[in-house]
Amino acid sequence: MSFSYTRTIRFADTDAAGVVYFANLLSICHEAYEASLAATGIELRTFFNNPRAAIPIVHADIDFFQPLFCGDKVAIALTPHALTGDRFEITYLIQAASMPTERPLAKARTEHVSIDPQRRTRQPLPPEMIHWIESWSD
């Protein structure tokens, strides 16, 4: 079951041509990620300031199929997938909130790795992240 996040595109999300700037849509996807963590019971302040575990994004890509404009309401379906014991990816399907069965407006993917923030070395995913992945995986 994917996590669903709804958001209205704001003027600040757009570029000089009036369409969503690519990096801003990735930022909106990250908002969905944060909302999914909170929905699973993960306290965000602790998660993003954990001295024992950090989970940085090591890769991101995005494809646009249609332009997104200020005022558009979008629904983002977020689905995580475990890759290895220390890595996972998240796929984001961005659709018009009013027509979620229509062709997607965009699709994004981020890849994350679990590290020890002090030594900057890989380590296994923390139990709460395994639970989070299992909560929203298909």
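With respect to being out of contact with any Lys or Arg (no Cβ under 7 Å at 6 or more places or on another chain), free of Cβ contacts under 8 Å to residues at least 60 places away in the same chain and open to solvent by 80 Å² or more (accessible area, probe 1.4 Å), residue 87 falls outside the description. For the stretch 1-27, a tally of residues being in contact with a helix residue (DSSP H, G or I) (Cβ under 7 Å, 6 or more places away or on another chain) and under 26 Å from residue 81 (Cα atoms) returns 6.
Residues being in contact (Cβ under 8 Å) with a residue 40 or more places away in the chain, in contact with a helix residue (DSSP H, G or I) (Cβ under 9 Å, 6 or more places away or on another chain) and open to solvent by 60 Å² or more (accessible area, probe 1.4 Å) are represented in the stretch 63-79 by at least one member.
Of all residues in the stretch 29-56, those satisfying the criterion of being farther than 19 Å from residue 133 by Cα and in contact (Cβ under 8 Å) with a residue 60 or more places away in the chain are 51, 52. When residue 5 is tested against (1) surrounded by 12 or more Cβ atoms within 10 Å (Cβ to Cβ); (2) farther than 19 Å from residue 77 by Cβ, just one condition goes unmet, and that condition is (2).
Taking the stretch 101-138, which residues are in a loop (DSSP other than H, G, I, E, B) and open to solvent by 70 Å² or more (accessible area, probe 1.4 Å)?
The answer is 101, 102, 103, 118, 119, 120, 124, 138.
Here residue 97 fulfils each of the conditions (1) touching a Ser or Thr at 6+ places or on another chain (Cβ under 8 Å); (2) open to solvent by 30 Å² or more (accessible area, probe 1.4 Å); (3) modelled with pLDDT of 95 or more apart from (3). When the stretch 56-90 is filtered for residues that are among the β-branched types (Val, Ile, Thr) and farther than 26 Å from residue 104 by Cβ, only 84 remains.
For residue 54, the requirement of being at pLDDT below 95 and in contact with a strand residue (DSSP E or B) (Cβ under 6 Å, 6 or more places away or on another chain) is not met. Farther than 16 Å from residue 126 by Cβ, among the aliphatic types (A, V, I, L, M), touching a residue at least 40 places away in the same chain (Cβ under 8 Å) and not in a strand (DSSP E or B): does that describe residue 25? Answer is yes for this residue. Among residues of the stretch 9-21 that are open to solvent by 80 Å² or more (accessible area, probe 1.4 Å), those with a beta-carbon under 6 Å from a residue that is of a type outside the set (A, V, I, L, M) at least six positions away or on a different chain give the pairs 11/70; 21/15. Taking the conditions (1) assigned to a loop (DSSP other than H, G, I, E, B); (2) under 15 Å from the mean Cα position of the chain (by Cα) in turn, residue 50 satisfies each one other than (2).
The values are calculated or read from the model by the stated rules, or taken from the named source; none is laboratory data. As the structure is a prediction and not an experimental result, all values here were calculated from the model. Because the Cβ atoms are built from the backbone with ideal geometry, glycine has one as well, and the counts that use them run over all protein chains shown. Remember, those area values only see protein heavy atoms, side chains included, never the ligands or the DNA or RNA. Shrake-Rupley method; radii C 1.70, N 1.55, O 1.52, S 1.80 Å.
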